[in-house]
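Reading through the structure tokens given below for one structure.
The values are calculated or read from the model by the stated rules, or taken from the named source; none is laboratory data. Note that the structure is a prediction, hence the values are computed from the model and not measured. Cβ placement follows ideal geometry from the backbone for every residue including glycine, while neighbour counts extend to all protein chains displayed. The protein model used for the area step is the full one, side chains on, heavy atoms only, and it has no ligands, DNA or RNA in it. Shrake-Rupley method; radii C 1.70, N 1.55, O 1.52, S 1.80 Å.
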Amino acid sequence: MLDVVFRKTEMGSEEMRTRAHALSPKLRQLLIMIDGKTPAGQLALQLPEKEMVHRLMELEWDGFIERVGGVGAGGPVTTPKAAPAPAAAVSLEGTVISAGQMARIRTVLEMSNHNQLAGALDHLLHQLHGSMDKAVLEAAIGQWLQMMRERGHDAAAQTYLAQIRAALKG
């Protein structure tokens, strides 16, 4: 994630002008440094890698920044291309899902629905509320991923999908 280039969203630029969201000093400092050109790992903010990644994800999830591209083996910054859709975004066959895992997955989907999809998945998230049905969850994740890709948010979707997979492992 530290090789990714981020830029401020309209909301991030507004936050720079108004301070309406009362970001913590470290988050605001990181937001100030994001310029749409410099890979995250090269920003002059002295934070441990884990903390930097956490803060970047927080700004991204809250809609203040978005991914522009990454640096590959010393190459130039590139705009991410949509990956072909896998047969299933997440396979839950043989997986036992706890209530805590479901809650974390719903939280990730809700953040994405709010920040990138402007509430387009409200009906789907309502179906997931209180559900422990693996088939419903798997279908919901597939529908969510398709919508994210259709709206040009594939890079963000990959970050959220990594969080979903981590929740399933934990």
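The table that follows gives values for the structure above.
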item	result
Accessible area per residue in Å² at 1.4 Å probe, computed on region 103-170	50
Those residues of region 134-158 whose amide nitrogen sits under 13 Å from the label point placed on residue 97, 7 Å along Cα→Cβ	134-144
Mean Cβ count within 10 Å, highest first, over the residues of peptides 5-14, 115-124	5-14, 115-124
Anisotropy class of region 1-50 from Cα gyration tensor, a/c 1.5 cut	oblate
Phi-based couplings in Hz for region 52-60 (Karplus 6.51, -1.76, 1.60; Gly and Pro marked x)	4, 4, 4, 5, 4, 4, 4, 5, 5
Accessible area (Å², 1.4 Å probe, nearest 10) - residue 110	90
Pairs beyond 25 Å (Cα-Cα), from 50/134; 8/169; 26/169; 134/169	50/134; 8/169; 26/169
Accessible surface of region 17-58 [probe 1.4 Å, protein heavy atoms]: carbon and sulfur percent	52
Linear extension gain, residue 53 paired with residue 123, 0.36 nm per residue minus alpha-carbon span	22.1 nm
